[in-house]
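These notes are about the structure you will find just below.
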Amino acid sequence: MNAPATVACGDLDVSFLVERSRELADRLPKGRHRLLSGMAHLPQLENPAAAVGVIADALVG
């Protein structure tokens, strides 16, 4: 995959998932990792505005 991709997770998520999400972003040619402060496994439910912000930033580039 050569398209830009954002991999996001919460900083309160299980540590191995945070590590894996960072590894995934690093392996993608145009990958970007976003760590969402104060959120765990469901940032779209925990803080919808922050999740929408990540999506909007990814779409804008």
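The values are calculated or read from the model by the stated rules, or taken from the named source; none is laboratory data. All values derive from a computational prediction rather than experimental measurement. Cβ sites come from the backbone with ideal geometry, for glycine too, and all protein chains shown count toward neighbours.
Quick notes on this one:
- When the residues of region 43-54 are filtered to those that are in contact (Cβ under 8 Å) with a residue 12 or more places away in the chain and of a type in the set (A, V, I, L, M), the one that is surrounded by the fewest Cβ atoms within 10 Å (Cβ to Cβ) is V54.
- Residue among V18, V14 that alone is β-branched (V, I, T) and either out of contact with any Asp or Glu (no Cβ under 9 Å at 6 or more places or on another chain) or on the phi > 0 side of the Ramachandran plot (or both): V14
- Only one entry in A50, A58 is more than 15 Å from A3 (Cα to Cα), within 12 Å of the chain's Cα centre (by Cα) and of a type in the set (G, A, S), namely A50.
- S21, sole failed condition from (1) surrounded by fewer than 16 Cβ atoms within 10 Å (Cβ to Cβ); (2) modelled with pLDDT of 95 or more: (1)
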